[in-house]
Amino acid sequence: MPYILILYYSRDGSTRALAQQVARGVQLSGDIEVRLRTVPEISSSDMPSAGAQEKDRGLLVTLDDLAQCAGLALGSPTRFGQMAAPLRHFFDQTSKLWIEGKLIDKPACVFTSTSTLHGGQEATLLNMMVPLLHHGMLLMGVPYSEEGLYDTKAGGTPYGATHLAKQRDQTAIDSTEQSIARAQGERLGRCALQLGVNRVN
(Lines give C-alpha, C1' and ligand atoms only; values in the text may rest on other atoms or scores of the structure.)
Protein backbone atom coordinates (compact mmCIF):
# COMPACT_ATOMS: atom_id res chain seq x y z
CA MET A 1 0.00 0.00 0.00
CA PRO A 2 1.34 3.51 -0.78
CA TYR A 3 2.27 5.68 2.17
CA ILE A 4 2.89 9.30 3.02
CA LEU A 5 6.09 9.91 4.93
CA ILE A 6 5.67 12.55 7.63
CA LEU A 7 9.23 13.41 8.56
CA TYR A 8 9.76 15.85 11.42
CA TYR A 9 12.20 17.01 14.05
CA SER A 10 10.88 18.15 17.42
CA ARG A 11 12.62 19.10 20.65
CA ASP A 12 9.75 20.01 22.96
CA GLY A 13 6.83 18.30 21.26
CA SER A 14 5.22 21.17 19.33
CA THR A 15 6.30 20.09 15.85
CA ARG A 16 5.51 16.50 16.66
CA ALA A 17 1.98 17.49 17.71
CA LEU A 18 1.54 19.34 14.42
CA ALA A 19 2.86 16.30 12.53
CA GLN A 20 0.17 14.19 14.18
CA GLN A 21 -2.52 16.57 12.92
CA VAL A 22 -1.11 16.38 9.38
CA ALA A 23 -1.19 12.58 9.74
CA ARG A 24 -4.87 12.68 10.72
CA GLY A 25 -5.57 14.63 7.56
CA VAL A 26 -3.74 12.11 5.39
CA GLN A 27 -5.86 9.35 6.88
CA LEU A 28 -8.98 11.17 5.68
CA SER A 29 -7.76 11.23 2.08
CA GLY A 30 -8.36 7.62 1.12
CA ASP A 31 -6.59 4.28 0.95
CA ILE A 32 -3.09 5.39 1.90
CA GLU A 33 -0.92 4.75 4.93
CA VAL A 34 1.03 7.16 7.11
CA ARG A 35 4.57 6.72 8.37
CA LEU A 36 5.65 9.14 11.09
CA ARG A 37 9.42 9.32 11.31
CA THR A 38 11.98 11.55 12.97
CA VAL A 39 15.73 12.17 12.79
CA PRO A 40 18.41 11.75 15.46
CA GLU A 41 20.18 14.53 17.25
CA ILE A 42 23.52 15.39 15.70
CA SER A 43 25.48 16.62 18.72
CA SER A 44 25.35 16.28 22.47
CA SER A 45 25.16 20.06 22.84
CA ASP A 46 21.83 20.03 20.99
CA MET A 47 20.22 17.39 23.18
CA PRO A 48 16.85 18.31 24.68
CA SER A 49 16.00 17.77 28.31
CA ALA A 50 15.48 14.19 29.41
CA GLY A 51 11.72 14.68 29.63
CA ALA A 52 11.42 16.17 26.16
CA GLN A 53 13.68 13.51 24.68
CA GLU A 54 11.51 10.73 26.09
CA LYS A 55 8.31 12.42 24.95
CA ASP A 56 9.52 12.88 21.37
CA ARG A 57 11.31 9.58 20.88
CA GLY A 58 10.04 7.92 17.71
CA LEU A 59 11.07 5.75 14.80
CA LEU A 60 14.09 7.10 12.97
CA VAL A 61 13.81 7.67 9.24
CA THR A 62 15.86 5.74 6.69
CA LEU A 63 16.73 6.67 3.12
CA ASP A 64 14.47 3.82 2.00
CA ASP A 65 11.54 5.40 3.87
CA LEU A 66 12.07 8.53 1.80
CA ALA A 67 12.80 6.78 -1.50
CA GLN A 68 9.69 4.60 -1.42
CA CYS A 69 7.14 7.14 -0.17
CA ALA A 70 4.24 8.31 -2.32
CA GLY A 71 4.47 11.79 -0.81
CA LEU A 72 6.31 13.73 1.88
CA ALA A 73 5.28 16.11 4.64
CA LEU A 74 8.37 17.73 6.15
CA GLY A 75 8.20 19.47 9.54
CA SER A 76 10.68 21.38 11.68
CA PRO A 77 10.79 24.06 14.33
CA THR A 78 12.29 27.26 13.00
CA ARG A 79 15.95 27.98 13.62
CA PHE A 80 16.55 31.59 12.58
CA GLY A 81 14.34 31.14 9.52
CA GLN A 82 15.80 27.72 8.64
CA MET A 83 14.96 24.10 9.34
CA ALA A 84 16.66 22.56 12.39
CA ALA A 85 20.18 21.20 11.91
CA PRO A 86 19.33 17.51 12.49
CA LEU A 87 16.76 17.59 9.69
CA ARG A 88 19.13 19.46 7.37
CA HIS A 89 21.84 16.91 8.20
CA PHE A 90 19.55 14.11 7.04
CA PHE A 91 18.86 15.86 3.73
CA ASP A 92 22.59 16.37 3.22
CA GLN A 93 22.77 12.56 2.97
CA THR A 94 20.17 12.20 0.20
CA SER A 95 22.46 12.77 -2.79
CA LYS A 96 22.02 9.17 -3.97
CA LEU A 97 18.25 9.64 -4.16
CA TRP A 98 18.78 12.87 -6.08
CA ILE A 99 21.12 11.20 -8.58
CA GLU A 100 18.61 8.39 -9.11
CA GLY A 101 15.64 10.76 -9.32
CA LYS A 102 13.72 8.81 -6.68
CA LEU A 103 11.60 11.76 -5.53
CA ILE A 104 10.82 13.37 -8.88
CA ASP A 105 7.12 14.22 -9.34
CA LYS A 106 6.15 13.14 -5.84
CA PRO A 107 4.01 15.64 -3.92
CA ALA A 108 5.42 17.31 -0.83
CA CYS A 109 4.48 19.92 1.75
CA VAL A 110 6.15 21.58 4.72
CA PHE A 111 5.10 22.68 8.21
CA THR A 112 6.73 24.41 11.15
CA SER A 113 6.27 25.81 14.65
CA THR A 114 7.68 28.82 16.46
CA SER A 115 7.48 30.12 20.01
CA THR A 116 6.68 33.68 18.91
CA LEU A 117 4.19 35.11 16.42
CA HIS A 118 6.84 36.69 14.19
CA GLY A 119 9.46 34.01 14.74
CA GLY A 120 10.22 33.21 11.11
CA GLN A 121 7.47 30.75 10.19
CA GLU A 122 7.15 31.72 6.53
CA ALA A 123 10.91 32.08 6.02
CA THR A 124 11.41 28.61 7.46
CA LEU A 125 8.74 27.08 5.24
CA LEU A 126 10.20 28.66 2.12
CA ASN A 127 13.71 27.54 3.01
CA MET A 128 12.51 24.00 3.72
CA MET A 129 11.13 23.85 0.19
CA VAL A 130 14.55 24.37 -1.43
CA PRO A 131 15.96 20.82 -1.08
CA LEU A 132 12.59 19.41 -2.11
CA LEU A 133 12.69 21.48 -5.30
CA HIS A 134 16.18 20.16 -6.02
CA HIS A 135 14.77 16.64 -5.70
CA GLY A 136 12.08 17.48 -8.27
CA MET A 137 9.18 17.17 -5.88
CA LEU A 138 5.82 18.87 -6.48
CA LEU A 139 5.29 21.39 -3.69
CA MET A 140 1.86 21.95 -2.21
CA GLY A 141 0.71 24.68 0.11
CA VAL A 142 -2.63 25.43 1.74
CA PRO A 143 -5.11 27.08 -0.65
CA TYR A 144 -7.34 29.89 0.51
CA SER A 145 -10.34 27.63 0.11
CA GLU A 146 -9.28 26.57 3.63
CA GLU A 147 -11.26 29.05 5.73
CA GLY A 148 -8.89 28.74 8.67
CA LEU A 149 -6.36 30.90 6.82
CA TYR A 150 -8.77 33.82 7.20
CA ASP A 151 -9.63 33.08 10.83
CA THR A 152 -6.35 32.09 12.44
CA LYS A 153 -5.07 34.08 15.39
CA ALA A 154 -1.98 31.91 15.77
CA GLY A 155 -0.45 29.61 13.11
CA GLY A 156 -1.37 28.87 9.51
CA THR A 157 0.01 30.17 6.21
CA PRO A 158 -0.56 29.50 2.50
CA TYR A 159 2.98 28.05 2.41
CA GLY A 160 2.12 25.35 4.93
CA ALA A 161 0.62 24.56 8.30
CA THR A 162 2.20 26.27 11.28
CA HIS A 163 1.79 26.35 15.04
CA LEU A 164 2.41 29.15 17.49
CA ALA A 165 3.91 27.34 20.49
CA LYS A 166 3.55 29.92 23.23
CA GLN A 167 5.94 29.61 26.14
CA ARG A 168 3.19 28.84 28.64
CA ASP A 169 1.95 25.81 26.67
CA GLN A 170 4.40 24.28 24.22
CA THR A 171 2.24 21.67 22.53
CA ALA A 172 -1.44 22.73 22.61
CA ILE A 173 -2.60 23.27 19.01
CA ASP A 174 -5.71 25.41 18.70
CA SER A 175 -8.68 24.32 16.60
CA THR A 176 -7.83 26.53 13.62
CA GLU A 177 -4.25 25.30 13.49
CA GLN A 178 -5.58 21.75 13.65
CA SER A 179 -7.99 22.27 10.77
CA ILE A 180 -5.28 23.81 8.58
CA ALA A 181 -2.84 20.99 9.31
CA ARG A 182 -5.48 18.35 8.62
CA ALA A 183 -6.52 20.05 5.40
CA GLN A 184 -2.91 20.10 4.25
CA GLY A 185 -2.47 16.41 5.09
CA GLU A 186 -5.69 15.44 3.34
CA ARG A 187 -4.71 17.35 0.21
CA LEU A 188 -1.27 15.74 0.18
CA GLY A 189 -2.70 12.24 0.52
CA ARG A 190 -5.36 12.81 -2.12
CA CYS A 191 -2.86 14.18 -4.63
CA ALA A 192 -0.39 11.37 -3.93
CA LEU A 193 -3.08 8.84 -4.78
CA GLN A 194 -4.03 10.69 -7.96
CA LEU A 195 -0.43 11.10 -9.11
CA GLY A 196 0.49 7.52 -8.23
CA VAL A 197 -1.46 6.15 -11.17
CA ASN A 198 1.04 7.54 -13.66
CA ARG A 199 4.27 7.61 -11.64
CA VAL A 200 7.17 5.60 -12.99
CA ASN A 201 9.62 5.90 -10.04
Determine, yes or no, whether Thr112 is buried (at least 20 other Cβ atoms within 10 Å of the Cβ), assigned to a helix (DSSP H, G or I) and of a type outside the set (A, V, I, L, M). no
Regarding the range 94-111, can at least one residue be identified that is of a type in the set (Val, Ile, Thr), at pLDDT 95 or above and closer than 13 Å to Leu7 by Cα? yes
Does any residue of the range 29-40 turn out to be surrounded by fewer than 22 Cβ atoms within 10 Å (Cβ to Cβ), touching a Lys or Arg at 6+ places or on another chain (Cβ under 8 Å) and at pLDDT 95 or above? no
Return the pairs, sorted by first residue and then second, in which the second residue is surrounded by fewer than 15 Cβ atoms within 10 Å (Cβ to Cβ) and of a type in the set (S, T, N, Q), the first residue lies in the range 115-143 and is farther than 18 Å from Asp92 by Cα and touching a residue at least 24 places away in the same chain (Cβ under 8 Å), the beta carbons are less than 8 Å apart, and the residues are 6+ apart or on different chains. Ser115/Gln167
Would you please list the contacts, defined by Cβ atoms under 7 Å and residues six or more apart or on different chains, that run from a residue in the range 58-79 that is under 15 Å from Pro107 (Cβ atoms) and surrounded by fewer than 16 Cβ atoms within 10 Å (Cβ to Cβ) to a residue that is modelled with pLDDT under 95 and of a type outside the set (D, E, K, R)? none
Among the residues of the range 145-158, the number that are surrounded by 14 or more Cβ atoms within 10 Å (Cβ to Cβ) and more than 22 Å from Thr38 (Cβ to Cβ) is 7
Give the residues of the range 1-33 that are of a type in the set (A, V, I, L, M, F, W, C) and in contact (Cβ under 8 Å) with a residue 60 or more places away in the chain, sorted by residue number. Ile4, Leu5, Ile6, Leu7, Ala17, Leu18, Ala19, Val22, Ala23, Val26, Leu28, Ile32
Val130 versus (1) under 17 Å from the mean Cα position of the chain (by Cα); (2) surrounded by 18 or more Cβ atoms within 10 Å (Cβ to Cβ): which is the lone unmet condition? (2)
Residue within the range 141-157 that is in a helix (DSSP H, G or I) and under 27 Å from Leu60 (Cβ atoms) present: no
Considering only the range 164-180, I want to know if a residue exists there that is on the phi > 0 side of the Ramachandran plot and modelled with pLDDT under 95. no
From the option list Val200, Val142, single residue qualifying as surrounded by fewer than 19 Cβ atoms within 10 Å (Cβ to Cβ) and either out of contact with any Pro (no Cβ under 6 Å at 6 or more places or on another chain) or modelled with pLDDT of 95 or more (or both) is Val200
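The values are calculated or read from the model by the stated rules, or taken from the named source; none is laboratory data. As the structure is a computational prediction, the values presented were derived from the model and not from experiment. Backbone-built Cβ (ideal geometry, glycine too); neighbour counts: all protein chains shown.
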